[in-house]
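The values are calculated or read from the model by the stated rules, or taken from the named source; none is laboratory data. Because the structure is a prediction, the values reported are computed rather than measured. For neighbour counting, all protein chains shown are included, and Cβ atoms are generated from backbone atoms with ideal geometry for every residue, glycine included. These area figures cover heavy atoms from the full protein model, side chains too; ligands, DNA and RNA do not enter into them. Shrake-Rupley method; radii C 1.70, N 1.55, O 1.52, S 1.80 Å.
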Amino acid sequence: MGCGLQPYRKEIEKNNFRYLSFDVMKKDGLDITFIGLIDQTLPDSLISHGPFSLILVSEVMEHVLNWNQAFENLARLLTPGGQIFLTVPFVFPLHEEPYDYWRPTCHAFELIAKKHN
């Protein structure tokens, strides 16, 4: 989710995993499978490819305004027993302004993740 320049794609595919990308817009030279916002209604085409056993959300959530909807969407896409690998910057300068909203702690993630199972 929020694949950006897809820095982990080659490593994931090298290990015989299927890589599907989701981002807010197409990027020149990159194959983006699905376009949309993580905190809005997800494309039917993405939902029909799920559920997923692993969802990577790296350096994205600081740009997401509606965390409740985003976590609801992630829960909807995740297979039972699946995992979400989520990272965010904490001490980091503002970037991609004006869409840089949060510097969440691990406690914030734990609380909202529990809320959405």
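The convex hull defined by the C-alpha atoms of region 64-117 has an orientation-averaged projected area of 4.1 nm². In this label model, L94 and N117 are separated by 3.9 nm, measuring between points 7 Å along each Cα→Cβ vector. Probing with 1.4 Å while keeping every protein chain in the model, the per residue accessible area of the chain equals 67 Å². By the gyration tensor of its Cα atoms, with a ≥ b ≥ c the square roots of the eigenvalues, what is the shape of region 7-117: rounded for a/c under 1.5, prolate for a/b over b/c, or oblate? In terms of gyration-tensor shape, rounded. A simple charge model with +1 on the Cβ of Lys and Arg, -1 on the Cβ of Asp and Glu and nothing else charged puts the dipole of the chain at about 380 debye relative to its Cα centre.
In order along region 91-97, the phi-based Karplus estimate (6.51 cos²θ - 1.76 cosθ + 1.60, θ = phi - 60°) of 3J(HN,Hα) comes to 9, 7, x, 4, 8, 6, 5 Hz; Gly and Pro are listed as x.
Note on region 21-72: Cα convex hull, mean projected area over all directions, 4.0 nm². Using θ = phi - 60° in the Karplus curve 6.51 cos²θ - 1.76 cosθ + 1.60, the 3J(HN,Hα) couplings for region 51-56 round to x, 10, 7, 9, 10, 9 Hz; x is entered for Gly and Pro.
One chain, two ends: T33 and S48. Fully extended at 0.36 nm per residue, the span grows by 4.1 nm beyond their Cα-Cα distance.
Heavy atoms only, probe 1.4 Å: what % of the accessible area of the chain goes to carbon and sulfur, would you let me know? Heavy-atom surface of the chain belonging to carbon and sulfur, 1.4 Å probe: 58 percent. Length available on full extension from L20 to T79: 0.36 nm per residue minus the Cα-Cα distance, which gives 19.7 nm.
Once backbone amide H atoms are built at 1.01 Å from N, F52 has L78, T79 as its partners under 5 Å, excluding neighbours fewer than 5 places away on the same chain.
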